[in-house]
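Participant: The structure follows.
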Amino acid sequence: MPNPYVNKVVQSNGTTLIDISDTTAVASDVASGKYFYLATGEKVAGSGSGGSGGITTETVMDATITATDQDTSGYVAWVKTQWYDYMSETLVDDTNYIVTIDGTPYLCHANSVYGGGDIYCGDTEIVWGTPANSIYPFAIGSYTSGNVQWMIGDNQPHSVKVEKVISMSDSTTLITKTITANGTYSASDDSADGYSSVTVNVPSSAASSWTKVAETSYQVTYSSTSATIHATWATGHSEIWTSDKIVYIRIRDTAGKRNRYFYGSDTFFMNMYPASNITPINTSNGIIINIWNVNSNGIYGQRYGYGSTGYGVYASMVYRDGRIDIRKRYNSSYSLTIDGTYKVEVYLLDPPTNAPIFE
């Protein structure tokens, strides 16, 4: 019996325009209520109850962009122009998006991870140059200013399509994902259509070079512009009198960042005296690399110092027996208000392998 349907269209010159004779789907493969064509050309209604899931989307961006401004870490590049040149709207909180980069699609969830109204989608840690080994090689930041920024680790052109998910059928499977090892992950490997959230906990493969040896805290309120010793802390750790390691003393306000307040300091001691074996020397001055404060706009301020010339609350000297001088000094520009409880931590840092500090 001849085929009553059309499954192939060929022009008189032999050019094939349509050929569905290789179709392999059957009715049970297609969702009920949907139509398809058999290999014969017959139009048939699907009878399946499952399927891979239906997703309805709205395209809000489809363009080729190039990141133009690379930050000092050498990893993250930011597109500084407003995305209203490319994007019809900013990201919407608590909304799924399909972001397709150079042909590879990613399903991600946009939300306000840091508070304050700014919305992110993708791997937010890529912003700081420390990507969290997630499945996303990008981040999108949508800000209250109306700007949207693209963050990725190079300045090459990329085709980018952003689709807002309007609805997902009940058959769409989204799961959470916990990643404990580096690698490339696909939702299909987990019998899912996408990930609703991804938790990354990849252990470090190497031991830390930092060893914490002591901790204490001090309540400090001070408004004089004269530097004075607040306390001489007897840590009980004479091993901080060393030329083999860097001694790092970290001081922070336990209340966190506060506008117009002193926040903390970082002091590093590279002590040449033990290596010189100079017996009379009993003290070593520290290099105060950073003295932090926070201005009225919540932005860090910075000042440098040496020995006793710092500002705020800072370590100025270590002693042979492990004692540390903690000084305080107010300045209306450099320290701002000194009034809080400050945690003081002492760490020993190993120098690079085969690179001793004083050899």
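The values are calculated or read from the model by the stated rules, or taken from the named source; none is laboratory data. Here the structure is a predicted model, which means the values were calculated and not measured. Here Cβ is always computed from backbone atoms with ideal geometry, including for glycine, and neighbour counts include all displayed protein chains.
Participant: Do the conditions hold for G256, that is, is it on the phi > 0 side of the Ramachandran plot and surrounded by 13 or more Cβ atoms within 10 Å (Cβ to Cβ)? Write out each step before concluding.
Facilitator: On the way: on the phi > 0 side of the Ramachandran plot: yes; surrounded by 13 or more Cβ atoms within 10 Å (Cβ to Cβ): no.
Judged against the criteria, G256 is not a match.
Participant: Still on this structure: Tally time: how many residues in region 255-307 are free of Cβ contacts under 8 Å to residues at least 60 places away in the same chain and assigned to a strand (DSSP E or B)?
Facilitator: Adding up the residues that qualify gives 24.
Participant: Let me ask something else. Which ones in region 25-45 are among the acidic types (D, E) and at pLDDT 75 or above?
Facilitator: E42
Participant: On the given criteria, is G310 closer than 17 Å to I229 by Cα and either part of a strand (DSSP E or B) or touching a Phe, Trp or Tyr at 6+ places or on another chain (Cβ under 9 Å) (or both)?
Facilitator: Working: closer than 17 Å to I229 by Cα: yes; either part of a strand (DSSP E or B) or touching a Phe, Trp or Tyr at 6+ places or on another chain (Cβ under 9 Å) (or both): yes.
Against the criterion (closer than 17 Å to I229 by Cα and either part of a strand (DSSP E or B) or touching a Phe, Trp or Tyr at 6+ places or on another chain (Cβ under 9 Å) (or both)), G310 qualifies.
This table checks each residue for (1) closer than 23 Å to W241 by Cα; (2) surrounded by 15 or more Cβ atoms within 10 Å (Cβ to Cβ).
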| site | (1), (2) |
| --- | --- |
| N285 | yes, yes |
| N297 | no, no |
| Y306 | yes, no |
| G312 | no, yes |
| S316 | yes, yes |
| Y330 | no, yes |
| G340 | no, yes |
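Participant: Looking at this structure, is Y334 buried (at least 16 other Cβ atoms within 10 Å of the Cβ), within 15 Å of R250 (Cβ to Cβ) and among the hydroxyl-bearing types (S, T, Y)? Steps first, answer last, please.
Facilitator: Working: buried (at least 16 other Cβ atoms within 10 Å of the Cβ): yes; within 15 Å of R250 (Cβ to Cβ): no; among the hydroxyl-bearing types (S, T, Y): yes.
Here the answer is no, as Y334 does not meet what is asked.
Participant: Now a separate question. In region 321-359, what residues are touching a helix residue (DSSP H, G or I) at 6+ places or on another chain (Cβ under 7 Å) and not in a strand (DSSP E or B)?
Facilitator: D321, G322, F358, listed by residue number.
Participant: Can I ask one more? Those residues that are over 22 Å from R260 (Cβ atoms), hydrophobic (A, V, I, L, M, F, W, C) and in contact (Cβ under 8 Å) with a residue 40 or more places away in the chain, I need them from region 308-334; list them, please.
Facilitator: Filtering region 308-334 down to residues over 22 Å from R260 (Cβ atoms) leaves 308-309, 315-326.
Now restrict to residues that are hydrophobic (A, V, I, L, M, F, W, C): 315, 317-318, 324, 326.
Result: A315, V318, I324, I326.
Rundown of residues vs (1) farther than 30 Å from T180 by Cβ; (2) surrounded by fewer than 18 Cβ atoms within 10 Å (Cβ to Cβ); (3) modelled with pLDDT under 75, yes/no style:
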residue	(1), (2), (3)
Y84	yes, yes, yes
D93	no, yes, no
G115	no, yes, yes
Y120	no, no, no
W128	no, yes, yes
P131	no, no, yes
D154	no, yes, yes
